[in-house]
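One structure below.
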Amino acid sequence: MHSRRERVMSSAGLLMLSLAAVGVGRLSATRPSSALALAVVPLLVVSALAPTWPLVASVALLPFQSDNFDTTIAGLRVGPSDALFLLGLGGVVLGMLGGEDHRLRRLGPVMPYVAAYFALLLVAWVNLPSVQGVATIVQRFELVAAAIVVGGFLAAMGKLQLVLTSYVLAATLLAAVAVVAGLVNGGIAEELLGVQKNPAGQAIANALLIVMFNRKTPFRAPVAAVLVLGLVAAQSRGALLATVVALALAVVLSSSSRRLRAIAVIPIVVGVAYAAFSALPSSSRDRLVTTDASGDVANQIRQSYADDAVVKIKSAPILGTGVGLYVAGEAIDQTLTLDPHNVVLLEAAEGGVVLLTGFTLLTLGSAWVLIRRRHKHPVVLVALTVQVSIILHGTVDVYWVRGTPVLGWILVGAALWLAADDGDGDEAGPQAQAARVPRSHRPYPPGPTPELTA
């Protein structure tokens, strides 16, 4: 049953669409740009009133973070996924202000760690304030705090499985392109469908972990096979290493029955991965196993990134050199960069020991919260493995970019919502509908209902 507020908003949205359609028809011949703007605005407003679908679309587009579709705002890259995410987030906030109760208080256990990080981030910014620093803080708030809230909302509305399936399908497409590129070119391009191979590899790794530990994924076996082949073909060493560590962690933290299933499946995954590795040309195989900086140009550049970051850290070890102000290296030797390709070094350089402490609290604190709840819902293990994989990859590549951290923090929020201790943690069902009704319209007090706890 929809509230009066929802019925009024729906009617207003339909009226707005009708008026816009008339306006577009009149302007399309004489002023096409104005007609396009008029057509888009009401669609955005209506989407904000029904935030679930923009958020689902946003997550589905996460694997396709590409500069080809991005624009720059205040020095930050913003793409279609970001726009949809912010649109849906706005709808969630509007609903909460209107009295909708999605029981997002379930996210409380992780919020002290989130608050600690942003408080220390603010301290580092106050030390060297800048406009770019403000933009950086806003971006990280979106990528972490807002993502956690969105994850809780999607779980409350029963859409988490749809979100995960959409993401897996998108990443599987990237994996298939990686495999085809390997067969056709005898190697791999630096980009897959416009996506740089390292974030593409991490998206494929995320999808593989979801498939392995989420039994509701459709066509698990063939999808997993494509993802394993694509992960190797993408040749992202960081994504491969992070996946191996995440799988090992999952085996350790799983219950006995799930541990046995994982141990039975992992050899098959390793076999498929080895077959894909063997099919790569010798130059690609050598690159994947090379760790010596003297043997690979990319490794040499990354080592220069790290050396430059250490110099900056030593110059301001307590409060850093400024949030959002990191610049190091020289263009002439290809080491000029705004990020040392290591999130730990970046945090320490931007905010010194203060910000590094905050990031440590954020990551380890949220991981501990999930570990304590790992047996309460299957999604908790999915969230743990994906989050660990993303953060580990962030220690050898860029973390705060292209939506890389978003999926991990969305899963953190969803896992906390689903693993809540109030007796009402299953996704979908009557509680998802009840969450849409303002408190004043409910026939029962907020909390578990008799039919859900019987």
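The values are calculated or read from the model by the stated rules, or taken from the named source; none is laboratory data. In this text the structure is predicted, and so the values were computed from the model without any measurement. Counting neighbours? That spans all protein chains shown, and the Cβs are built from the backbone with ideal geometry, glycine included.
Below, the figures for the structure above:
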| read-out | value |
| --- | --- |
| Given (1) surrounded by 15 or more Cβ atoms within 10 Å (Cβ to Cβ); (2) modelled with pLDDT under 95, number of the condition Y274 does not satisfy | (1) |
| Output for segment 314-330, where each listed residue is assigned to a helix (DSSP H, G or I) and either of a type in the set (S, T, Y) or modelled with pLDDT under 90 (or both) | S315 |
| Residue ID - nearest to A203 (Cα to Cα), chosen from residues in segment 228-268 that are of a type in the set (A, V, I, L, M, F, W, C), at pLDDT below 85 and surrounded by fewer than 14 Cβ atoms within 10 Å (Cβ to Cβ) | I268 |
| Residues of segment 389-403 classified as surrounded by fewer than 24 Cβ atoms within 10 Å (Cβ to Cβ) and either part of a helix (DSSP H, G or I) or among the polar types (S, T, N, Q) (or both), total | 3 |
| Some residue of segment 384-397 being of a type outside the set (F, W, Y) and farther than 25 Å from Q196 by Cβ | yes |
| Residue among L338, L346 that alone is buried (at least 20 other Cβ atoms within 10 Å of the Cβ) and either of a type in the set (F, W, Y) or closer than 24 Å to G238 by Cα (or both) | L346 |
| Filter result for S304 (hydroxyl-bearing (S, T, Y), surrounded by fewer than 19 Cβ atoms within 10 Å (Cβ to Cβ) and without any contact (Cβ under 8 Å) to a residue 60 or more places away in the chain) | no |
| Test: residue in segment 250-260 that is under 12 Å from M212 (Cα atoms), of a type in the set (A, V, I, L, M, F, W, C) and in contact (Cβ under 8 Å) with a residue 12 or more places away in the chain | yes |
| Of all residues making up segment 90-102, the number that are buried (at least 20 other Cβ atoms within 10 Å of the Cβ) and within 16 Å of A414 (Cα to Cα) | 2 |
| Residue in segment 232-243 that is in contact with a helix residue (DSSP H, G or I) (Cβ under 6 Å, 6 or more places away or on another chain) and more than 22 Å from H393 (Cα to Cα) present | no |
| Verdict on L338 being at pLDDT below 95 and either out of contact with any Lys or Arg (no Cβ under 7 Å at 6 or more places or on another chain) or not polar (S, T, N, Q) (or both) | yes |
| G295 vs. criteria on the phi > 0 side of the Ramachandran plot and either acidic (D, E) or modelled with pLDDT under 95 (or both) | no |
| Answer residue from segment 86-107, given it is small (G, A, S) and in a helix (DSSP H, G or I) and is nearest to L49 (Cα to Cα) among those | G91 |
| Residue among A331, A348, A367 that is of a type in the set (G, A, S) and closer than 17 Å to I301 by Cβ | A331 |
| Residue count, segment 352-378 (criterion: part of a helix (DSSP H, G or I) and either on the phi > 0 side of the Ramachandran plot or out of contact with any Asp or Glu (no Cβ under 8 Å at 6 or more places or on another chain) (or both)) | 18 |
